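Heads up, the thing below is written out as structure tokens.
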Amino acid sequence: MKPQAIFIDLDNTLIPHSKHHFSISMENLFALKTAQKKHIYIVIATGRSIEDVREVYEKYRINDFGDYIIYNNSAGIQQLGPIPKVLLNEKISIEQGKKIIEELKQLNVFIKLSENRILYYKKMNLVFWIFLKMRGMPFEKQDKMAPDFSNFAKIGFIPPMISRRKISNLIDGLKEKFPEQEIITSGSGRFVEITKLGVTKSKGIEFLADRLDLDLTQCVAIGDSENDVSMFKVVGYPIAMKNARKNIKKHAKFQTDTSKRNGVAKAIKSIYEI
């Protein structure tokens with residue numbers, strides 16, 4: 001089978017989760033390049049910001065065939081290249097953004113806005129300080145956040161070291177207070193992402209399918225997190241990483257190896273054999 005497009009998550013999928021955030025293995029990179037030579041669209045579909053995705057693009061020049069990038073869980077879609085073209089730009093309203101941030105400030109969470117890479121904290125403990133230093137992630141106190149709010153594509157936050165059940169309860173409470181927003185986890189399930197209602201990776205995939213005249217039953221999605229489930233549901237070949245949690249894997253038809261063992265490359269090779 002030759003898929004028309006392969007939609008690939010970034011963290012814990014194309015790249016291992018480490019302080020070297022954008023280190024794509026040679027095996028994965030070769031698989032992507034080979035697919036592009038077959039005129040298969042390679043599209044990164046991530047919750048990360050465009051700045052992060054552009055860094056991958058500029059470092060590895062992944063998209064030799066089709067320069068489409070889905071970011072902020074499809075709040076944004078760009079066609080990169082010499083002159084980048086914004087195709088979709090969905091933002092949380094200024095009013096809602098203010099309310100969400102003020103609500104999050106009342107909680108002991110680290111706040112991350114889509115427009116920068118800084119984590120804003122209310123309280124800091126030694127364990128998390130070491131974690132952020134090891135990852136090379138900048139952080140500042142919440143009282144240093146700009147008092148004037150623009151409207152953001154995504155507001156993320158990391159709860160303190162609590163159980164996933166408590167995180168789930170926290171999300172349920174936020175959904176009740178902010179029914180106009182999409183609230184979902186990414187990564188290991190400990191990073192929470194808030195976007196405009198209806199903004200999911202599947203929306204971005206369907207947008208590009210319409211633009212590029214793709215048959216989604218002949219497309220592949222590879223991911224590991226809750227925010228990847230929506231794209232699993234709209235493609236013909238959903239593939240979960242081995243490092244994904246069980247509740248994520250049940251939404252995929254296929255499974256590949258872990259991100260540390262070049263699962264993306266192995267998935268692409270296996271698709272050709274179907």
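Please enumerate the residues belonging to segment 217-235 that are small (G, A, S) and within 16 Å of F207 (Cα to Cα).
Going residue by residue through segment 217-235, those that are small (G, A, S) are 221, 223, 225, 230.
Answer for segment 217-235, where residues must be small (G, A, S) and within 16 Å of F207 (Cα to Cα): A221, S230.
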Exercise. Tell me, which residue of segment 44-94 that is touching a residue at least 24 places away in the same chain (Cβ under 8 Å) and among the small types (G, A, S) is surrounded by the fewest Cβ atoms within 10 Å (Cβ to Cβ)?
Worked result: S93
Exercise. Just to be sure, is L132 part of a helix (DSSP H, G or I), modelled with pLDDT under 85 and of a type outside the set (S, T, N, Q)?
Worked result: yes
Exercise. Among (1) among the small types (G, A, S); (2) without any contact (Cβ under 8 Å) to a residue 40 or more places away in the chain; (3) touching a helix residue (DSSP H, G or I) at 6+ places or on another chain (Cβ under 7 Å), where does A153 come up short?
Worked result: (2)
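Can you tell me which residue is surrounded by the fewest Cβ atoms within 10 Å (Cβ to Cβ) among those in segment 215-244 that are among the charged types (D, E, K, R) and under 15 Å from I184 (Cα atoms)? Steps first, answer last, please.
Looking only at segment 215-244, we keep the residues that are among the charged types (D, E, K, R), and these are 215, 224, 226, 228, 233, 242.
Checking which are under 15 Å from I184 (Cα atoms) leaves us with 224, 226, 228.
Values: D224: 28, E226: 20, D228: 34.
Across segment 215-244, the extreme among qualifying residues is E226.
Quick one: in segment 163-195, of everything that is free of Cβ contacts under 8 Å to residues at least 24 places away in the same chain and closer than 18 Å to K105 by Cβ, which residue is surrounded by the fewest Cβ atoms within 10 Å (Cβ to Cβ)?
Step by step, filter segment 163-195, then rank; the result is G173.
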For this session: Say whether the condition of being touching a Leu at 6+ places or on another chain (Cβ under 9 Å) and within 25 Å of I92 (Cβ to Cβ) is met by at least one residue in segment 250-260.
Result: no
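The values are calculated or read from the model by the stated rules, or taken from the named source; none is laboratory data. In this text the structure is predicted, and so the values were computed from the model without any measurement. Note that each Cβ is placed from the backbone with ideal geometry, even for glycine, and that neighbours are counted across all protein chains shown.
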